[in-house]
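Have a look at the structure below before the remarks.
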Amino acid sequence: MQLLCHLSRVQGRFAGVLALWLLGMAAVFAATPAATPATPATPATPQDQLLAEVAQWVQQTQQLSPDQFGFVPIDPRVQVQSCDRALAMDLPFASRETVRVRCLGNPNWQMYVRLALKPGNASAAQPNLGASAAKGPAATASANPTMRKVVVAKQLLRAGTVLTVDMLQETEVPAAGLDSQVVGSAKDLENGEMVREIPAGMPLRSHDVRRAILVKQGQAVILTIGQSSGFAITARVEALQDGRMGEQIRLKNPDSGRLLSGVVTGPNAARGL
């Protein structure tokens, strides 16, 4: 009987210790917040995806934290396309505030993204000149680079494409290291013909474009006569030769057979002499 009582007391103490241990563990689990899986937000658009990748690249290559820089808004007319692979990025100019972004897959395209450094962080986007870097006017000029207006392609321009203004975009980029042949006005390229393929976002140079043949032999041409004298007469004539913008060509009135001359003013258009 005494043995049974002793066992009963031992079991009772064990049950009490076990209950206290279980209560303690419950308190620990209750105080520990449940782990939330770190699922990054998926960018909603190709432009968001592009800026996210550029931001990560800038942080890794220029040692900038996310609170030290932002981005100059991308022109809303530029349509950012998705890329089927990781984007390629580099710094094509002397200033490190302009990042060239390229898709080397499908579709193939290129564009430029400009950083907007927060106050006090301008020096972070400049090349590392070492502890003995010179200060003064030269350093100030480096922090505020001279800008130059250039014309870039808004879409992939293939060789032979006749240009219109809506295919092009005027923007400003740092002048340092820029090709001297870049074109600064989209109007200067209108009705030009691409000599070679240029991806979207690439500045166009004068030797990338030539005057396009706007009038072809045998085609109908609208000839305008007398515009400078306050009135104008238009007639439908036939081109007897090819013609580029500003060139004088021979024309024929198909009704009378009379030969005429005119200056090419646009696609299938000429001004009478």
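Rule-based calculations on the coordinates, nothing more; no lab input. Since the model is a prediction, treat every value here as computed from it, not as a measurement. All Cβ positions, glycine included, derive from the backbone under ideal geometry; neighbour counts span all protein chains shown.
General remarks:
- A cut-off of 5 Å between modelled amide H atoms, ignoring neighbours fewer than 5 places along the same chain, links Gly262 with Ile249, Leu251.
- A simple spin-label model places the labels of Ala88 and Val263 4.5 nm from each other, with each point 7 Å out along Cα-to-Cβ.
- Annotation: amide H-H contacts under 5 Å for Val209 (H modelled 1.01 Å from N, sequence separation of 5 or more, or interchain): Val195.
- Once backbone amide H atoms are built at 1.01 Å from N, Leu104 has Ala88 as its partners under 5 Å, excluding neighbours fewer than 5 places away on the same chain.
- Using a cutoff of 8 angstrom between alpha carbon atoms and counting only pairs six or more residues apart, the relative contact order for the range 157-217 works out to 42 percent.
- Ignoring lysines fewer than eight residues from Lys252 along the same chain, the ones with Cα atoms less than 26 angstrom from its Cα are Lys216.
- With Cα atoms defining each centre, the range 205-273 and the range 148-202 are spaced 26 Å apart in the structure.
- Relative contact order for the range 213-272, counting Cα pairs under 8 Å that sit 6 or more residues apart, in percent: 37 percent
- On the principal axes of its alpha-carbon atoms, the range 213-272 has extents of 30, 26, 14 Å, going from largest to smallest.
- Under the Karplus curve 6.51 cos²θ - 1.76 cosθ + 1.60, θ = phi - 60°, whole-Hz ³J(HN,Hα) for the range 234-245, x wherever Gly or Pro sits: 10, 9, 8, 10, 10, 7, 9, 7, 5, x, 9, 3
- Based on C-alpha pairs under 8 angstrom that are at least 6 apart in sequence, the range 176-261 has a relative contact order of 20 percent.
- Spin-label pair Phe231/Arg250, simplified geometry with 7 Å Cα→Cβ offset, distance in nm: 3.1 nm
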